[in-house]
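Here's the structure, in structure tokens; my notes come after.
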Amino acid sequence: MDVISINCSFSRYLYDKVEKIASLNKYDIVFFPDLMKNEISKETSIGLSMNNSLGKGELLKNEDINSLITNEILALKSRKIIIMGYPKTKTQFELLNEILNNKYDNIRFTGIFSATDKRKENIEQDKILKECFREKGRYIELSNFDDFLGDFIK
């Protein structure tokens, strides 16, 4: 299984670019903002919990995020997935790795990070996350996401 995680500030522009590359290379995309929006609109238990957190101005609960993402990934038939915006922490990475290892053999992780994101709150977290990706696959830093042309998706 090939899992690519894009860990950067994402936008609809970046999503459209990734979607084109994914289509050409037969990858499924898991786009967290759309998953969250759909879950909230369906008023599922996870959606209601997320909406409650957002309404209070709180961060989303890790268990809600993890459940939403892993349910989506496990429902896919593809063994080639691009995840946009997840995992963001070592704990999330470890959970994703554990769940996928229970279902699939030979998982290759690729983490894609912005080389230009210098926000203090991201530097230490990204350093830890990059190490997770390096241990289970690789990570790539892009200074310009226009360089994201699928060279590394083989």
Residue in segment 110-144 that is nearest to the chain's Cα centre (by Cα), counting only those that are of a type in the set (A, V, I, L, M) and farther than 15 Å from Thr89 by Cα | Ile140
Quick one: in segment 84-127, which of the residues that are free of Cβ contacts under 8 Å to residues at least 60 places away in the same chain and of a type in the set (Val, Ile, Thr) is nearest to Ile140 (Cα to Cα)?
-> Thr116
If you take just the helices (runs of 4 or more DSSP H) that sit entirely in segment 1-109, which of them hold at least 3 residues that are more than 11 Å from the chain's Cα centre (by Cα) and of a type in the set (Ser, Thr, Tyr)?
-> 12-25, 45-55
What is the number of the single condition among (1) at pLDDT below 95; (2) buried (at least 16 other Cβ atoms within 10 Å of the Cβ) that Leu74 does not meet?
-> (2)
Residue check: is Ser49 small (Gly, Ala, Ser), surrounded by 14 or more Cβ atoms within 10 Å (Cβ to Cβ) and closer than 29 Å to Phe145 by Cα?
-> no
Among Leu96, Leu59, Leu100, Leu14, the single one that is loosely packed, with under 13 Cβ neighbours inside 10 Å, of a type in the set (A, V, I, L, M) and in contact with a helix residue (DSSP H, G or I) (Cβ under 8 Å, 6 or more places away or on another chain) is Leu59
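The values are calculated or read from the model by the stated rules, or taken from the named source; none is laboratory data. These numbers come from a predicted model, not from an experiment. With ideal geometry, Cβ positions are generated from the backbone for all residues, glycine too; neighbour counts draw on all protein chains shown.
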